[in-house]
1. Students often forget the sequence filter, so: which aspartates and glutamates lie under 20 Å Cα-Cα from K89 once same-chain residues fewer than 8 apart are removed?
2. Are there trypsin sites (Lys or Arg not before Pro) in the range 62-142 that DSSP marks as loop and that have at most 14 other Cβ atoms within 10 Å, and which are they?
3. Which value, in Å³ per residue, describes the convex hull spanned by the Cα atoms of the range 40-90?
4. Under the Kirkwood approximation for Rh and a Cα-based Rg, what ratio Rg/Rh is obtained for the range 40-159?
5. Within the set K60/K140; K61/K156; K68/K126; K126/K149; K75/K149; K48/K126, which residue pairs have Cα atoms separated by over 19 Å?
6. Only loop residues by DSSP count here, and only those with at most 10 other Cβ atoms within 10 Å; note down the GluC sites (Glu not before Pro) in the range 84-115 that meet that.
7. Run the Debye formula on the Cα coordinates of the range 83-126, all scatterers equal and no solvent, and tell me log10 I(q)/I(0) at q = 0.22 1/Å.
Amino acid sequence: MKTIRKILTGIILGSILVSFTQLSRESMHQKEVKNDPGKELVNFPEAKSGMMRHVIILDKKNNEEFYKVELIPGKIMKVDCNKHTLLGKIEEKELEGWGYNFYEFSSEGKTISTRMACPQILNKEKFISSESIIITYNSKLPIVIYTPKGYIVKYKIWEAGKEKTASVK
């Protein structure tokens, strides 16, 4: 009788352990899906006519508060040897009803440049950037930037160095 009781107890405990393990795996899978920034992209509208939607999905990092993202909108243009800057404006906007941010870049494609005398008249194709912005690093949501067609969005990841103390003089 005691042997049967031990066997039944073992079977019951084994079943409970297996079900907890399965529940744990399912909840881990749900957390992974929930934190998938690509899935959040469906909440952002498609690009309007004449516009493009650029998406950046960041890697998850420990201590994300030590990182920033620099968004650099621009365009490939034929330019001479002068230093050129694309005139444009990048604005942060809120996706109504969701509280998510997205960015909208606007430009007419005009540039400003230095006025050096170039030794050669040859124009080269080059990425000409506009003014960039630095935003918070957040791997839980995609970074969505809308630009006019023909524009590119590059980005840099910035990492904070060790904290230092200013000297008193």
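1. Partners within reach: E70, E104, E108, E131.
2. Passing both the DSSP loop test and the Cβ count: K83, K110, R115, K140.
3. Taking only Cα atoms, the range 40-90 has a hull volume of 159 Å³ per residue.
4. 1.04
5. Numbers: K60/K140 8 Å; K61/K156 15 Å; K68/K126 26 Å; K126/K149 17 Å; K75/K149 10 Å; K48/K126 27 Å.
Beyond 19 Å between Cα atoms: K68/K126; K48/K126.
6. Here the GluC sites (Glu not before Pro) that fit, given the DSSP loop and packing criteria, are E96, E108.
7. -0.84
Read-outs throughout are calculated quantities, based only on the coordinates presented, and are distinct from any laboratory measurement. The structure presented is a predicted model; accordingly, all values stated were derived computationally and were not measured. Glycine gets a Cβ as well: all are built from the backbone with ideal geometry, and neighbour counts include every protein chain shown.
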